[in-house]
1. Restricting to segment B:497-525, give me the number of residues that are crowded, with 24+ Cβ neighbours inside 10 Å, at the interface with chain A (Cβ under 10 Å from one of its Cβ atoms) and closer than 17 Å to B:Thr142 by Cα.
2. What number of residues within segment A:282-322 are of a type in the set (D, E, K, R), surrounded by 20 or more Cβ atoms within 10 Å (Cβ to Cβ) and over 27 Å from B:Val350 (Cα atoms)?
3. Consider B:Ser83 carefully, then state whether it is in contact with a strand residue (DSSP E or B) (Cβ under 9 Å, 6 or more places away or on another chain) and within 14 Å of chain A (Cβ to nearest Cβ).
4. How do the pairs read when you match residues in segment A:448-469 that are among the acidic types (Asp, Glu) and at pLDDT below 95 with residues anywhere that are assigned to a helix (DSSP H, G or I) and surrounded by fewer than 22 Cβ atoms within 10 Å (Cβ to Cβ), using Cβ under 6 Å and keeping only pairs 6 or more apart or on different chains?
5. Only one of these is modelled with pLDDT under 95 and more than 21 Å from A:Thr447 (Cα to Cα): A:Gly342, A:Gly304, A:Gly335. Name it.
6. Given (1) within 14 Å of chain A (Cβ to nearest Cβ); (2) in contact (Cβ under 8 Å) with a residue 24 or more places away in the chain, identify the lone condition not met by B:Arg494.
7. Quick one: in segment B:229-281, which of the residues that are within 19 Å of B:Ala212 (Cβ to Cβ) and among the acidic types (Asp, Glu) is surrounded by the fewest Cβ atoms within 10 Å (Cβ to Cβ)?
Protein chains: 2
Amino acid sequence: MPIVDMSWSGWGDPERAERLPESVTDLLRELLGVRAEPAQPVKLAEIEPPAARPVAGLLADVVGEEHVRTDDETRVRHTRGKSTPDLIRIRAGDVRTAPDAVVLPGSHEEVAAVLARCAEHRIAVVPFGGGTSVVGGLTPETAGFAGVVALDLRRLDRLVGVDTVSRTATLQAGLRGPQAERLLNEEGYTLGHFPQSFEWASIGGFAAARSAGQASAGYGRFDEMVVGLTLATAHGTLTTGRSPKSAAGPDLRQLVLGSEGALGVITDVTVRIRPLPETHAYEGWLFGSLSEGVTAVRALAQDGPLPTVLRLSDETETMIGLARPDELGERNGGGGCLAVCGYDGTAVEVAERRAKVRAVLEALDGRYQGEEPGESWARGRFAAPYLRDALLDAGVLAETLETAGFWSNLSRLYDAVRLTLAHELSSSVVMCHVSHVYPAGASLYFTVVTAQGEEPLERWAHAKAAVSDAILDAGGTISHHHGVGVDHRDWYAREAGPLGVAALRAVKDRLDPEGIMNPGVLIPGEG
Amino acid sequence: MPIVDMSWSGWGDPERAERLPESVTDLLRELLGVRAEPAQPVKLAEIEPPAARPVAGLLADVVGEEHVRTDDETRVRHTRGKSTPDLIRIRAGDVRTAPDAVVLPGSHEEVAAVLARCAEHRIAVVPFGGGTSVVGGLTPETAGFAGVVALDLRRLDRLVGVDTVSRTATLQAGLRGPQAERLLNEEGYTLGHFPQSFEWASIGGFAAARSAGQASAGYGRFDEMVVGLTLATAHGTLTTGRSPKSAAGPDLRQLVLGSEGALGVITDVTVRIRPLPETHAYEGWLFGSLSEGVTAVRALAQDGPLPTVLRLSDETETMIGLARPDELGERNGGGGCLAVCGYDGTAVEVAERRAKVRAVLEALDGRYQGEEPGESWARGRFAAPYLRDALLDAGVLAETLETAGFWSNLSRLYDAVRLTLAHELSSSVVMCHVSHVYPAGASLYFTVVTAQGEEPLERWAHAKAAVSDAILDAGGTISHHHGVGVDHRDWYAREAGPLGVAALRAVKDRLDPEGIMNPGVLIPGEG
């Protein structure tokens, strides 16, 4: 039986696919100049991946024959991530990069044994958690290898332990967001990590790609939650985390976090947990301009108090209503920039924090919009990726990209991205929100919609390259929470600089001397 | 003219040397069984370092002749750090490890050029900030090198810039704590980093050794403050920090922080700064036992609010009064464990936070002791190292060591250290405080006093090895904020594990292929 998980050609649960109101589709097609009827996805059963090279037989004794899959459907379902180019390719039936086999180890030891076996036979390994990469993290460069296996971690799905005194939990890497959250909730705790990919992405993926969740203002980024982790390599295990903080050398946790499967496979992480909050509250605030809104969220980030969720949409995103997906298409003519604040905690804490946030935001010309806009956002918080599929069906290319920078540089970064996209993509709409704030800066998250046109992949690749250049030229980072993958690698090399790349390459050469781990992902060659 | 800085044979400013009341000295000598009159330091002028190898001539054209020093006094003053074994050796006139020259570069470029020249001639380089290492960070293993230079960074003493919007400042590495703080204060900001070594240690040293200050509860550890840094190597410069947080690969900042001069020389850091607080307040709390006190500070660390300073002394430290150095020797017969809370902020904030802390601590059986014990601690906060010199003069060996762990493991760690020291050092007094708290755990900082005896170095080395074993066996980290140096290296290798060491060694081999950077410090050889 094939491994069925999320939609092979789009996002999430096919049962939950969003349909767009015809009025919206028509408006968008008109606005963006969509002409041709778009191609609908080919049928899964009709897709034929390339003949599998004989790698499965090399791994059956390691994990058990039933845990090595070579059926077409399972291979197709492990072929790519979920970037828009990934979707466009797979909708067209392009599965040239399908792995030769999908392997499902059941323990850290089995992961290590699979890696050792693959190293011996020069088989490339693609660690596969939720399969939600949007930066090409699942499409390594595998020319010259004897084969490619996707290492699906879903069987590593245990809550290993909860330390209620230290408020930490050890979670296996293959746990999906909701699974992990449910197991912790049963013990009275929450991880508080809710990225947009929450429903499908995995704990190991959160760690490997430095995920940031929608409640990062309250619970922190995933890399800030991790106090220990275990990395399996073909040549041994790296275990970190004797203490929340230490001065014993460089922080090796931070070398593994963000390593995107290029150094080894994270098999478990120990993370901070928090008591399950008594209550949640959401509310909306309106600011006259993005600049006023940014000043306000910066005040909260620097002087407090911080809500648990804090996000600010720019004028376009506010107008289009993507900030409130369940009201998409409804009229929102008032202008301005909508901010959503969310609060987790006891009723008393929430009330007190809300009152203080209110005082800060009112003093900075924020206009309280009541709870409805916040609750609307909370209801739709995981829905946006479904909308993308509906847009693709309508001939519209929708994609996201993101960066982060220091507060003093944020408007320059914002302008650089928007100007570049406007220049590259005629007839496009670009929306943005600030959704992760720090004392020294914030992230910018852009959504772009444009007509697919004749050559959507080439058109987008060209625009994406230009906007990536623009981000670096304007002083931003190439990714705040999507990661590097293959797609951002060249810009990452520029960001890390030759010595940074050399340092990482040296670590990779030492931990993965055969170079089998996600080759071409993250770490560029030297020179 | 020689470079004069702190006392060559002890701590700090000789003018501020503390004398111990005779009653205390007598009591201690009696208690610890000190018999022989201790040796007093030899005279500086009588110390003769080994003949300097001819390295100065190789560097004069790089930094200017006047910035290469080879006079005996300057060499002696750059010979060692400030651990008690360092002091015992140098008080006895042992300067076998004196550098051949002391070089004072004036810019990042000059640092890089010095490193390149040293790499070319296989001259070992010891980066020298404040010279306050207590873990052998300034006594690398230099056998086989053509020479050894101490790279004194004091000329890199500029505040490069302040970004008031992002609340960050770029500070050169050679700035001492008070210099940096003064420059920031003039702009209306504070760094908020006040380790016990504050008055002498340098910004670069704080970064290189992952310093944690006494106000870490409010301002964070130094490694948490750093949003960017520049590392000079013999083969290029590594620059990090386009954004406070990023998902662009592993965090390279965290690879350089804690690298203790073994990868290159940190020449500047960009750090978070905060508005200069309107007011400071301190107060004391008494708990019936260490366990009750730990429960209380854990409650503040996990559920808040946190004071700016939070420290808890165990029964012995409370009794002896080291927590209140300016009252040392005064009677404190009430028993229990003293906690000090400090608060920085506006008057309104401080009042509010104090009231909340008070509610938490009273609910957990803390007894408020008024402001005096807190203010006493604040007055004496930088004095303890001076006391050590007075104790050495009195034939008493005083040394500190520290670790950190998870809350659930803290009492095991505490017991392991105390039992081991009691076993190793008959007639000793061991005191401890918790001075850095995190949601998941805390640090333990121990002060040991014992008779110097006949062979103080051997006696201490034996005890220190046993207690380091005990720390690792009990699950702790070998250092929370002192660092690794040469002294902790073997235990660090055990803590990092073979793969962790291999990864760091690979980075070092790549960034420092000639192996000239602080050889033997931090990074063990492989195998």
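The values are calculated or read from the model by the stated rules, or taken from the named source; none is laboratory data. Since this is a predicted model, take the numbers as computed values, not measurements. We place every Cβ from the backbone using ideal geometry, glycine too, and count neighbours over all the protein chains shown.
1. Of the residues in that region, 2 qualify.
2. Pass one, segment A:282-322, residues of a type in the set (D, E, K, R): A:283, A:292, A:298, A:303, A:311, A:314-315, A:317.
Subsequent filtering for residues that are surrounded by 20 or more Cβ atoms within 10 Å (Cβ to Cβ) retains A:283, A:298, A:311, A:314, A:317.
Then keep just the ones that are over 27 Å from B:Val350 (Cα atoms); that gives A:283, A:311, A:314, A:317.
Qualifying residue count, segment A:282-322: 4.
3. Here the answer is no, as B:Ser83 does not meet what is asked.
4. That search, which allows pairs on different chains as well, returns nothing.
5. Exactly one of A:Gly342, A:Gly304, A:Gly335 is modelled with pLDDT under 95 and more than 21 Å from A:Thr447 (Cα to Cα), namely A:Gly304.
6. (2)
7. Applying the filter and picking the extreme gives B:Asp251.
Residues checked against (1) outside any helix (DSSP H, G or I); (2) under 22 Å from B:Ala465 (Cα atoms):
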residue	(1), (2)
B:Pro373	no, no
B:Asp389	no, no
B:Leu410	no, yes
B:His433	yes, yes
B:Pro439	yes, no
